Amino acid sequence: MTAGSLGTLRTTVDLAFTAPPGGAQGVYAATWGQREMWHKIAQHRPGGFYQLSQIIPVGEPRSLDTVLGCLRHLVGRHASLRTTFREDAGGLFQVIHRDGVLPVRVEEAPGEGRERATAAALVDGFQEDEPLLEREFAPRLAVVTRGGAVTYLVLVCSHVVLDGHSERVLASELRTLLAAANAPAEAEEARTVLPPVGHGPAEQAEAEARAKSRRTSARSVAHWRATLADAPPALFPSPTEPSPAAPIWCGRLASGALATAEAALVRSGLGSGALWLSAVARVLAAHTGRPATTFRLPVSNRFDQALDGYVGNLSQHTVVTVDTATGTFRELARRVERDLMRAYFHARYDPAELAEATTEIESRRGAPLDLTYLFNDVRSRNGKPRPTPADPAAPEESGASGVSWELLHSSNSDIKLHVRVTETRGRPRLDIAADTSCLSRSAITDALFAVEQLLVEAAREAEYGAG
């Protein structure tokens, strides 16, 4: 089917794919990352099915056949995109298929300038349903057209098979394929512009069964044990009586003041992730009267350069406790940076071993652990800076130093607080998402501006040699 043959504003086309010669196929044990996310989703049904989404501008509008050719190559290239799962008494297994068919939604934007909004609506639609990974492939694909030519690609995919780093790899490879393909035939030939696929989920599963990986898991679990054994009380205590789920709102702040302050503090020798986490922890301590908090941090686990192009779910979590009770802000940030560097190397573990350890710790404490406070500097990889590609068509923030808001689905989250640092139009952006029974929208607003003020003051002290 070609773009010119579209007779309606919305349709679906079938994308048939085949793995290249030598491409992985068959049944393998699930990887640690796959198993951890699979069981997390099972714990939070019916709502918590954790899908990642990307809206990718095509740049120069392309024909539908050209774009489908690039997508076909990408799905055949990466085993994670053609994987289903099987669970039985022996555990969870990944089933990598040699070939198959994926539906691709094709939607014509209702008017000029409405392309990105149409893509966002497609994302929302995909996010409403859980993929049935026992019989369905994880990717949900769509394209937005204008006058029959593709302007945006939409990818929504289960977190079981992809992590955030993989999303960026796929987006980069799609851009490379599109740049090399000006016609459908060239889309098939464009595969030569991408490097060979190396380590994949099948190889990862085999590696995790080896003695070296078992030792890695043991070290990571030991770090979790040591951190959680002395974990402070929960920042926001759980209610004693069951209560209806409160909405989760996310407030976002990007400003020139934040950008200038971060740049000055980094120039003074502080790590960007550490200074943001330190600032957020200090502001929350002032709000709650609790000086220490244990945060969970996702780690991409791409310490080995051979894993840079890995498309799959390698991401797991580590933990760090931030105690704001003593020292100046600069001293706090130095301590946090040291603790983060140690923690980042302890996020590779067999989830069954970690579950056993946390159960033991909870038994000794006589109460459940509260691990619902997350921090993620998405601009970094394993604690090191990473460039963030900008979407030139992304909507502006709500003001030069204003807070924008998004209502998140409370049923799709196991968090009380999620702090993210990302980038928009070349500026750092701070996102604070919270269960509003713990932190109201007005309190989120206050926290965002308090972090801004704290960083500005710390930067001023750094510039003048104080602190």
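The values are calculated or read from the model by the stated rules, or taken from the named source; none is laboratory data. Treat the numbers as computed from the prediction; the structure is a model and nothing was measured. Glycine also receives a Cβ, built like all others from the backbone with ideal geometry; neighbour counts cover every protein chain displayed. Calculation scope for accessible area: heavy atoms of the full protein, side chains included, ligands and nucleic acids excluded. Shrake-Rupley method; radii C 1.70, N 1.55, O 1.52, S 1.80 Å.
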Is one or more of the residues making up the range 390-398 modelled with pLDDT under 90, assigned to a loop (DSSP other than H, G, I, E, B), surrounded by 13 or more Cβ atoms within 10 Å (Cβ to Cβ) and of a type in the set (S, T, Y)? yes
Would you point out which residue out of L92, L64, L68 is over 20 Å from the mean Cα position of the chain (by Cα), of a type outside the set (K, R) and more than 28 Å from T176 (Cβ to Cβ)? L92
Failed condition for L439, given (1) open to solvent by 30 Å² or more (accessible area, probe 1.4 Å); (2) modelled with pLDDT of 90 or more; (3) more than 21 Å from the chain's Cα centre (by Cα): (1)
So is G7 under 19 Å from G312 (Cβ atoms), open to solvent by 60 Å² or more (accessible area, probe 1.4 Å), modelled with pLDDT under 90 and among the small types (G, A, S) or not? no
Can you tell me which residue is surrounded by the fewest Cβ atoms within 10 Å (Cβ to Cβ) among those in the range 105-126 that are out of contact with any strand residue (DSSP E or B) (no Cβ under 6 Å at 6 or more places or on another chain), within 24 Å of C70 (Cβ to Cβ) and in contact (Cβ under 8 Å) with a residue 12 or more places away in the chain? A120
Give me the pairs, please: first residue somewhere in the range 159-178 and at negative phi, second residue anywhere and assigned to a helix (DSSP H, G or I) and hydroxyl-bearing (S, T, Y), beta-carbon distance under 8 Å, and either six or more positions apart or on two chains. V161/S80; L162/S80; S166/S80; L178/T66
Search the range 133-150 for residues that are on the phi < 0 side of the Ramachandran plot and pair each with any residue that is part of a loop (DSSP other than H, G, I, E, B) and of a type in the set (S, T, N, Q) when their beta-carbon atoms are under 9 Å apart and the residues are at least 6 apart or on different chains. A149/S63; V150/S63
Which one of these is closer than 24 Å to A179 by Cβ and out of contact with any strand residue (DSSP E or B) (no Cβ under 7 Å at 6 or more places or on another chain): L81, L102? L81
For the range 131-158, enumerate the residues that are more than 19 Å from C70 (Cβ to Cβ), open to solvent by less than 50 Å² (accessible area, probe 1.4 Å) and not polar (S, T, N, Q). P131, L133
Of the residues in the range 331-344, those that are closer than 27 Å to A209 by Cβ and surrounded by 18 or more Cβ atoms within 10 Å (Cβ to Cβ) come to A343, Y344
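Yes/no matrix, rows are residues, columns are (1) among the hydroxyl-bearing types (S, T, Y); (2) open to solvent by less than 50 Å² (accessible area, probe 1.4 Å):
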site	(1), (2)
F17	no, yes
G23	no, yes
Y28	yes, no
W32	no, yes
H39	no, no
L52	no, yes
V58	no, yes
L68	no, yes
R72	no, no
For G48, the lone unmet condition from (1) modelled with pLDDT of 90 or more; (2) surrounded by fewer than 22 Cβ atoms within 10 Å (Cβ to Cβ); (3) closer than 23 Å to V160 by Cβ is (1)
Can you spot a residue in the range 309-319 that is out of contact with any strand residue (DSSP E or B) (no Cβ under 8 Å at 6 or more places or on another chain) and part of a helix (DSSP H, G or I)? no
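Here is a yes/no grid of residues against (1) at pLDDT 95 or above; (2) open to solvent by 30 Å² or more (accessible area, probe 1.4 Å):
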residue	(1), (2)
S268	no, yes
L277	yes, no
R282	yes, yes
R296	yes, no
G309	no, yes
T326	no, yes
F329	yes, no
Only one of G76, G100, G111, G69 is over 30 Å from I415 (Cα atoms) and part of a loop (DSSP other than H, G, I, E, B), namely G111
